[in-house]
Amino acid sequence: MSNRVVVIGGGIVGVTTAFFLQRAGLQVTLIERRSGVAQECSFGNAGVVAPGYVGPWAAPGMAAKVLSMTFQAHRPVRWHPRMSTAQWSWLRAWWRACSAERHNSNRARMQRLALYSRELLLQIGRSLQLDYEQRTGYLQLLRTPKEFAAAQAHAAKLTELGIRHRLMDAAEAREHEPSLNPDTLLAGALHLPDDFTGNCALFARLIRSQAQALGCELRFGEAVDAIETSDSRVTGLRVRSVLGQDARLGCEHVVVAGGVGSAALLAPLGLRVPLLGIRGYSATTLIHAPEHAPRESVMDEHYKVAVTRMGNRLRVAGTAEIGARGDTHNRLALETLHKVLQDWFPAASRSSTATYWHGDRPMLPDGAPLLGETPVAGLWLNLGHGSSGWAMACGSAQITADLICGNAPGIDLDGLRWARYQ
Ligand SMILES: Cc1cc2nc3c(=O)[nH]c(=O)nc-3n(C[C@H](O)[C@H](O)[C@H](O)COP(=O)(O)OP(=O)(O)OC[C@H]3O[C@@H](n4cnc5c(N)ncnc54)[C@H](O)[C@@H]3O)c2cc1C
């Protein structure tokens, strides 16, 4: 094979893929339509790397739970029904994937990948001495006895996976994280000492520099309009610059890692990928009283909102909006983020310093990403990482490099390949 590979997309998934491919000895070109890496969904996420919590949103009882929350002011999921075939067929497929059997097998696939990925991320960080504002430890806050009971069941699964954890009652949790507001009701917490958080966008920029130093070509401000094929084989790309100039780039190997933009590139080739962008929000504030800020990252299980300490800032991130349109922030979603911050760490930072962000998670209905070859020779996928793209990026990138180089991947890829949609 020719050793030139083009990676489409400079989010966390694409940029780590470019790095792993270049490190494997291939000549890589990364094409990104924005002016740099991690400027879409990988920009302002929560930064959590917690493999035991990685899993599909399609879960038993989830549909009823989402509907029951419809009239709550602060709710983790908001749905805007649209006259859109894509939205309805995605929801139908999501609903079908909610059975216990499918949920369990999809979760096992995602956790296998996330555990593999965490090791690679730690290894790379150590070997390249990268500082991406990482912080060890993750505390899941359980507000109600019902959430505590669910965490007990989850703890048993973590034991099966060999993930270290400790279930704490409220007093132990408050002793462990003294900055928690004593006035907010707490039933208990689940602590995961080996999980961690880090600044995903910062890591993306650091790994981009590493890829570049190895010889990777970076082309920013260029959008891929089409993937060209002949006899079911990739022959090149049609690329448009920000100035509107069209060009053709000949190549035999392409990795599609374009987040929510991937489906539009694949559809003309007859490859229908049911990707939907599920919007999430974050608010980032300056810490002004470090003693009142969390030492470790926490996840409010009730609102599914994470509070992460990144350098001298606090990142509050979460919520899911299905059918969001336009580029404006949903005020109600931002209010939910502020409520969680106020509930737990009211004195840590001032809301007047907050900067806001939203990103569209590239989500497949059954949750697990799609990796590897396609029926078109030379066309490879690395997409659909949904709510866990940062946690799964390094593993997915290494697997992509192994497959393209003809090496055996480091984990079983059952249910993560294109065959799942055939
Ligand atoms: C609020 C929120 C919190 C989150 N928290 C976490 C978390 O704690 N842990 C975690 O693991 N994950 C988290 N996620 C999910 C994570 O952010 C995503 O899974 C991840 O960023 C997806 O990365 P990506 O590279 O696939 O997509 P993106 O980052 O969106 O990158 C895709 C890139 O492809 C480019 N592109 C698309 N089409 C083209 C084209 N035709 N030509 C050229 N370029 C193109 C885009 O410009 C974009 O830069 C969170 C997401 C949100 C919204």
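The values are calculated or read from the model by the stated rules, or taken from the named source; none is laboratory data. A quick note: this is a predicted structure, and the numbers were derived from the prediction, not measured. FYI the Cβ positions are ideal-geometry reconstructions off the backbone, even for glycines, and counts take in every protein chain you see.
Give me a count of the residues in the stretch 381-408 that are away from the ligand (no atom under 14 Å from the Cβ) and either more than 21 Å from the chain's Cα centre (by Cα) or of a type in the set (A, V, I, L, M, F, W, C) (or both).
Counting residues in the stretch 381-408 that are away from the ligand (no atom under 14 Å from the Cβ) and either more than 21 Å from the chain's Cα centre (by Cα) or of a type in the set (A, V, I, L, M, F, W, C) (or both) gives 9.
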Do we find a residue being closer than 30 Å to Ser127 by Cα and out of contact with any His (no Cβ under 9 Å at 6 or more places or on another chain) anywhere in the stretch 227-247?
no
Of the residues Ala73, Ala108, which single one is farther than 24 Å from Val255 by Cα and within 20 Å of the chain's Cα centre (by Cα)?
Ala108
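It is to be established whether one or more residues within the stretch 62-83 are part of a strand (DSSP E or B) and not assigned by TED's automatic domain parsing to the domain that holds Arg331.
no
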Only one residue in Leu167, Leu121 is in contact with a helix residue (DSSP H, G or I) (Cβ under 9 Å, 6 or more places away or on another chain), farther than 24 Å from Ala289 by Cβ and not in a helix (DSSP H, G or I). Which one?
Leu167
Against the condition near the ligand (Cβ under 9 Å from one of its atoms) and either in contact with a helix residue (DSSP H, G or I) (Cβ under 7 Å, 6 or more places away or on another chain) or assigned to a loop (DSSP other than H, G, I, E, B) (or both), how does Gly244 come out, does it pass?
no
Keeping to the stretch 4-33, report how many residues are surrounded by fewer than 24 Cβ atoms within 10 Å (Cβ to Cβ) and either closer than 11 Å to Val255 by Cβ or among the small types (Gly, Ala, Ser) (or both).
4
Could you pull out the residue among Leu337, Leu364, Leu371, Leu314 that is more than 10 Å from the ligand (Cβ to nearest atom) and over 18 Å from the mean Cα position of the chain (by Cα)?
Leu314
Being assigned to a helix (DSSP H, G or I) and in contact with a strand residue (DSSP E or B) (Cβ under 6 Å, 6 or more places away or on another chain) is the filter; apply it to the stretch 337-356 and report the residue that is nearest to Thr284 (Cα to Cα).
Thr353
Residue within the stretch 43-53 that is within 22 Å of Ala223 (Cβ to Cβ) and of a type in the set (A, V, I, L, M, F, W, C) present
yes
Go through the stretch 1-19 and report how many residues are in contact with a Cys (Cβ under 8 Å, 6 or more places away or on another chain) and more than 7 Å from the ligand (Cβ to nearest atom).
7
Residue that is part of a strand (DSSP E or B) and at pLDDT below 95, where the choices are Asp225, Asp194
Asp194
When the stretch 288-335 is checked residue by residue, the ones that are over 13 Å from Arg135 (Cβ atoms) and of a type in the set (Val, Ile, Thr) are Val305, Val316, Thr319, Ile322, Thr328
